[in-house]
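Undergrad: Let me begin by handing over the structure; questions about it come next.
The values are calculated or read from the model by the stated rules, or taken from the named source; none is laboratory data. None of these values were measured; they are calculated from a predicted model. When we count neighbours, we look across all protein chains shown, and the Cβ atoms used for this are built from the backbone with ideal geometry, even at glycine. In case anyone asks, the SASA skips ligands and DNA or RNA and just uses the protein heavy atoms, side chains included. Shrake-Rupley method; radii C 1.70, N 1.55, O 1.52, S 1.80 Å.
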Amino acid sequence: MTPIEIKSDFLSALREANHIAILTGAGVSAESGVPTFRDALTGLWAKYDPMQLATPEAFSRDPETVTRWYDQRRLNVLKCEPNPAHRALAQWQRSCAAGGRTFTLITQNVDRLHQAAGSTDVIEIHGSLIEWRCLITQRLQECRGGPFPQYPPRSDAGGLLRPNVVWFGEALPEEAARAAEHAAGFCDVFISIGTSGLVYPAAGYLHLAKSSGAVTAEINRDPTPATDVADYSMLGKAGEILPALLQALG
Ligand code: OAD
């Protein structure tokens, strides 16, 4: 593992911060074995055309194919474990709380691995694969079991079940979007981790934090459009950088 260089003034900013906001993307779950979206060879979008699967139109056109695909992703995710990146973020949240500081975790991920690692009050701006919603009652049900007995699955009320994730063309969950924007606009330090920074409004939160006077940083395997905007950029694996960052913070 190449030595990770963490700037001392970034560490000072983190030590002085009363409010830290974090945005995570698929890169944080990559080391748990959850495929990202845009990685050329291994990403989900390399094999599937998102427009054929991740839209309300695709669901109404072919609910069986769409629910089979999402349920396959759900079953895969249920087999995955949190990795050191998830655990470092959960530990960081606990130590901030112990020091009377706020630590807000906003995630684009739908795998609930942050919660599995012990993070709490996670703001899921793109919903969750583990929850499915009945189209008749709008009731959510957590699905942690095996494959559905039929596709498309139905609720006890007899309505079609859809994954409680945000599809292209759909609005973000209102409360989550509001909480995420508030956290980005009021934090002292904002860190974007493991995201290509291409999907808005999530990709705009670092800019919002910066324009609100926060110190901004990016931790990502590859450069992104945010790399030149962030005050600090650490290129590498989240599962290696985050534990090193926590160790440096002591
Ligand atoms: P992407 O697949 O677009 O980007 C993943 C990012 O993680 C890339 O920039 C990689 O360089 C980086 N990465 C990969 N492995 C990493 C590792 N081990 N450590 C650190 N970084 C790593 O996924 P997202 O940015 O999360 O939206 O995608 C954003 C949204 O686009 C998703 O939430 C989804 C998709 O459409 C919806 O489903 C609404």
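Undergrad: Got a number for carbon plus sulfur as a percent of the chain's accessible area, 1.4 Å probe? Could the numbers behind the result be given before it?
TA: Details: 6200 of 11850 Å².
Reported share for carbon and sulfur atoms: 52 percent.
Undergrad: Do any of Lys47/Lys210; Lys79/Lys210; Lys7/Lys237 go past 28 Å between their Cα atoms, and which? Kindly include the intermediate steps, with their values, before the conclusion.
TA: Working: Lys47/Lys210 35 Å; Lys79/Lys210 37 Å; Lys7/Lys237 17 Å.
Too far apart for the 28 Å limit: Lys47/Lys210; Lys79/Lys210.
Undergrad: To continue, here is another question. I want the local charge near Ser60. Using Cβ-Cβ distances under 14 Å, sum +1 for each Lys or Arg and -1 for each Asp or Glu among the other residues. Mind showing how you got there, number by number?
TA: Values: positive: Arg61, Arg162; negative: Glu57, Asp62, Glu64, Glu170.
Net charge around Ser60: -2.
Undergrad: Related question: Cβ under 15 Å from Gly169's Cβ, Gly169 left aside: what net charge do those residues give with Lys, Arg +1 and Asp, Glu -1? Walk me through the intermediate numbers first.
TA: Numbers: positive: Arg61, Arg162; negative: Asp49, Glu57, Glu170.
Spelling it out: positives minus negatives among the neighbours equals -1.
Undergrad: Once label points are set 7 Å from the Cα along Cα→Cβ at both Arg68 and Arg178, what is their separation, rounded to one decimal in nm?
TA: Label at Arg68, label at Arg178, 4.1 nm between them.
Undergrad: Let me ask something else about it. Using amide H atoms built in the peptide plane, which far-off residues or other-chain residues are under 5 Å from Ile219 H to H?
TA: Close amide H contacts, sequence-distant or interchain: Ser192, Ile193, Gly194, Met234.
Undergrad: A further question follows. Give the accessible surface of region 1-81 per residue, rounded to a whole number of Å², with probe radius 1.4 Å and ligands, DNA and RNA excluded. Could the numbers behind the result be given before it?
TA: Details: 4320 Å² over 81 residues.
Roughly 53 Å² per residue, with all protein chains present.
Undergrad: Give me the percent of DSSP beta bridges within the chain that run antiparallel, rounded to the nearest 5. Write down the numbers at each step before the final one.
TA: Numbers: 9 of 31 bridges.
Around 30 percent of the beta bridges assigned by DSSP in the chain are antiparallel ones.
Undergrad: What number comes out for the charge environment of Cys187, summing +1 per Lys or Arg and -1 per Asp or Glu over other residues with Cβ under 14 Å away?
TA: On the way: positive: Arg101, Lys210; negative: Glu16, Glu181, Asp188, Asp231.
Value of the local net charge: -2.
Undergrad: Please compute the Cα-Cα pair-distance distribution of region 6-100 with 5 Å bins starting at 0, giving whole percents from short to long.
TA: Per 5 Å bin, starting at zero, the Cα-Cα P(r) for region 6-100 comes out as 2, 11, 15, 17, 15, 11, 10, 9, 7, 3, 1 percent.
Undergrad: Next question, about the same structure. Which distance in Å, rounded to a whole number, links the C-alpha centroids of region 111-131 and region 201-219?
TA: Cα centroid of region 111-131 versus Cα centroid of region 201-219: 21 Å apart.
Undergrad: Next question. If you plug each phi of region 152-157 into the Karplus form 6.51 cos²θ - 1.76 cosθ + 1.60 with θ = phi - 60°, what whole-Hz ³J(HN,Hα) values come out, in order, with x for Gly and Pro?
TA: x, x, 10, 7, 4, 7
Undergrad: Another question, then. In whole Hz, with x marking every Gly and Pro, tabulate ³J(HN,Hα) for region 127-143 from phi via Karplus 6.51 cos²θ - 1.76 cosθ + 1.60, θ = phi - 60°.
TA: x, 8, 6, 7, 9, 10, 10, 7, 6, 8, 8, 6, 6, 8, 10, 7, 10
Undergrad: Leaving out ligands and nucleic acids, note down the accessible area per residue over region 125-250 with a 1.4 angstrom probe, in whole Å². Mind showing how you got there, number by number?
TA: Details: 5980 Å² over 126 residues.
It amounts to 47 Å² per residue over region 125-250.
Undergrad: Let me ask another. Work out Dmax and Rg for the chain from the C-alpha atoms and quote the Rg first, both in angstrom.
TA: Here Rg and the maximum Cα pair distance are 18.4, 58 Å.
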